[in-house]
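Inspection log for the structure reproduced underneath, given as structure tokens.
The values are calculated or read from the model by the stated rules, or taken from the named source; none is laboratory data. Quick caveat: nothing in here was measured; it's all calculated off a predicted structure. FYI the Cβ positions are ideal-geometry reconstructions off the backbone, even for glycines, and counts take in every protein chain you see.
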Amino acid sequence: MKTLLIFSCEHGGNQVPGEYTYLFDQGKADLTSHRGYDPGARQVYELLHEQLPSAGQLNEVSRLLVELNRSQGHPGLFSKYTKTLPPSTRKHLLQTYYYPYRQQLEKSIADAIRKSFRAIHISVHSFTPELNGDIRNAEIGLLYDPSRPGERRFCLDWQAALRKAVPEWRIRRNYPYLGKADGLTTSLRKKFPAEKYMGIELEINQALLTPVSKAPTVVRPLLISLQSILP
């Protein structure tokens with residue numbers, strides 16, 4: 001089966017539209033931290049999307065405004081800065097940023113499937129090296145749903161190829177999060193069958209991307225290993 005690679009980046013920036021900047025008068029430190037976005041993720045996404053034939057979708061509005069990687073009803077959909085806003089304002093945030101992003105990505109996948117492609121969706125993220133005193137012991141995490149054989153096989157192959165390319169990197173599967181936890185790929189799996197859609201989250205330790213000028217060095221083995229396993 002032909003495949004179409006689709007990259008996405010839900011946490012690519014910490015932008016706040018002018019009408020909402022007042023919400024973060026006391027939250028500038030959060031905006032510039034991993035709480036506000038995934039540092040380095042946008043640079044990795046752009047390089048992978050540029051260098052591989054693929055569709056792509058990027059969001060640069062801060063996750064503290066509305067979290068595109070959470071389902072409706074999830075307690076993390078809105079942050080402490082936005083959860084107390086009037087319902088009409090929160091609805092406006094969803095209609096302006098949340099729905100358009102997710103619907104466009106869903107359309108890209110549906111279009112690929114309609115053209116007899118299998119969609120391989122790689123959602124690019126980065127994670128903080130330490131969270132609540134817990135040191136994350138991995139450079140790369142590959143997140144997937146173990147109940148979907150195609151995703152499991154793909155991540156096993158990618159893990160093996162990455163270990164060969166960069167032996168010093170610790171490559172872990174379903175770490176530092178579980179691929180079946182609430183998220184964009186999880187919701188898309190409910191809409192598309194396993195034989196037509198694979199949803200993989202690529203998690204990169206932010207220590208590798210500090211400063212972000214290191215992104216090309218990080219992308220090189222990701223690119224080589226991914227090319228080696230793509231159908």
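What are the residues in the stretch 43-73 that are free of Cβ contacts under 8 Å to residues at least 60 places away in the same chain and within 11 Å of the chain's Cα centre (by Cα), if any?
GLN57, LEU58, ASN59
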Subset of the stretch 189-204 that is touching a residue at least 60 places away in the same chain (Cβ under 8 Å) and more than 13 Å from the chain's Cα centre (by Cα) - its residue that is farthest from CYS9 (Cα to Cα): GLU195
Exclusive hit being outside any loop (DSSP other than H, G, I, E, B), at pLDDT 95 or above and under 22 Å from ASP134 (Cα atoms), set ALA207, ALA215: ALA207
Meets criteria (without any contact (Cβ under 8 Å) to a residue 24 or more places away in the chain and of a type outside the set (Lys, Arg)) for TYR99: yes
Inter-residue pairs, beta-carbon under 6 Å, first more than 21 Å from THR128 (Cβ to Cβ) and in the stretch 152-179, second part of a loop (DSSP other than H, G, I, E, B), 6+ apart: ARG152/PRO146; CYS155/TYR144
Tally, over the stretch 157-170, of residues that are among the aliphatic types (A, V, I, L, M) and over 13 Å from VAL218 (Cα atoms): 2
Single match in LEU85, LEU105, LEU131 (criterion: closer than 19 Å to GLY183 by Cβ and modelled with pLDDT of 95 or more): LEU105
Members of the stretch 190-205 that are crowded, with 19+ Cβ neighbours inside 10 Å and either within 23 Å of ARG170 (Cβ to Cβ) or of a type outside the set (Phe, Trp, Tyr) (or both): MET198, GLY199, ILE200, GLU201, LEU202, GLU203, ILE204, ASN205
Among (1) modelled with pLDDT of 95 or more; (2) of a type outside the set (Asp, Glu); (3) over 21 Å from TYR37 (Cβ atoms) - the single one LEU222 does not satisfy: (3)
Tally, over the stretch 53-81, of residues that are surrounded by 12 or more Cβ atoms within 10 Å (Cβ to Cβ), farther than 16 Å from HIS11 by Cα and out of contact with any Phe, Trp or Tyr (no Cβ under 8 Å at 6 or more places or on another chain): 1
